[in-house]
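Values in this text are rule-based calculations from the coordinates and carry no lab data. Here the structure is a predicted model, which means the values were calculated and not measured. Cβ sites come from the backbone with ideal geometry, for glycine too, and all protein chains shown count toward neighbours.
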Amino acid sequence: MSVDEIIAFVDGLGGTLTLRPGPGDGSPEIAWGDTFFYYAPDGVVPRTQPFATIVTKDYPDDTRSRLDRPEAFRVNVFAGTEAFTRWTGHTPREPAGSDPSVPDIVFAHPVYARQGWLAVVNPGGRTEPAVRELLRAAYDAARTRHQRHHA
């Protein structure tokens, strides 16, 4: 899956606000080139964390995925405790066991695993169905939270 394919999939779910920070939009330079997904049918950035992101480079506190390689990117998805445990075989509180630089595998996010986030570097044939399932579930959870708060 390419970055554009992931964005098109999430945008197709409806009510998604997709932010792609870049020069001149007031966003911090470190975020330029990355993508942030929110459930926001009104088009207003909510005061919550995104339900998924795509990062295209290493961050100062997040280098273990080696996104400094050509064409490397990582999709990050909030999965919650139950799905996190199902995908990794352990709870978010336990240490991660997978190498977060290996492409096309689902693994515990190298920084936000304790909060229930999963990630995939350069999703491909092995993980495309999983990435779609995880994105849809994260979207559904964000939509449900939004509807509860706006009811």
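Summary of values
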read-out	value
Computed [θ] at 222 nm, deg cm²/dmol, the chain (DSSP H ≥ 4; -39,500 (n - 2.57); rounded to nearest 500)	-8500 deg cm²/dmol
Burial ordering of 16, 63, fewest other beta-carbon atoms within 10 Å first	63, 16
Relative contact order, percent, segment 28-89 [alpha-carbon distance under 8 Å, six or more residues apart]	26
Length-normalised contact order of the chain in % [C-alpha pairs under 8 Å, at least 6 apart]	20
Residue (of 78, 125, 105) at the positive-pole extreme of segment 48-151, dipole from beta-carbon charges	78
Test item: Cα-centred dipole of the chain, Lys/Arg +1 and Asp/Glu -1 on Cβ, debye	480
Rounded to whole Å, sorted largest first: equivalent-ellipsoid semi-axes of segment 77-151, Cα gyration tensor	23, 15, 9
3J(HN,Hα) from dihedral phi, segment 33-38, Karplus parametrisation 6.51/-1.76/1.60, rounded to Hz, x for glycine, proline	x, 8, 9, 10, 10, 10
Residue among 56, 137, 7 farthest towards the positive dipole end of segment 3-149, charges placed on Cβ	137
Distribution of pairwise C-alpha distances over segment 20-107, 5 Å bins, in %	3, 12, 17, 22, 21, 14, 9, 3, 0
Proxy reagent accessibility, fewest Cβ within 10 Å first, across 62, 140, 4	4, 140, 62
Spin-label pair residue 90/residue 56, simplified geometry with 7 Å Cα→Cβ offset, distance in nm	3.3
Projected-area mean, segment 3-149, by convex hull of Cα positions, square nanometres	8.8
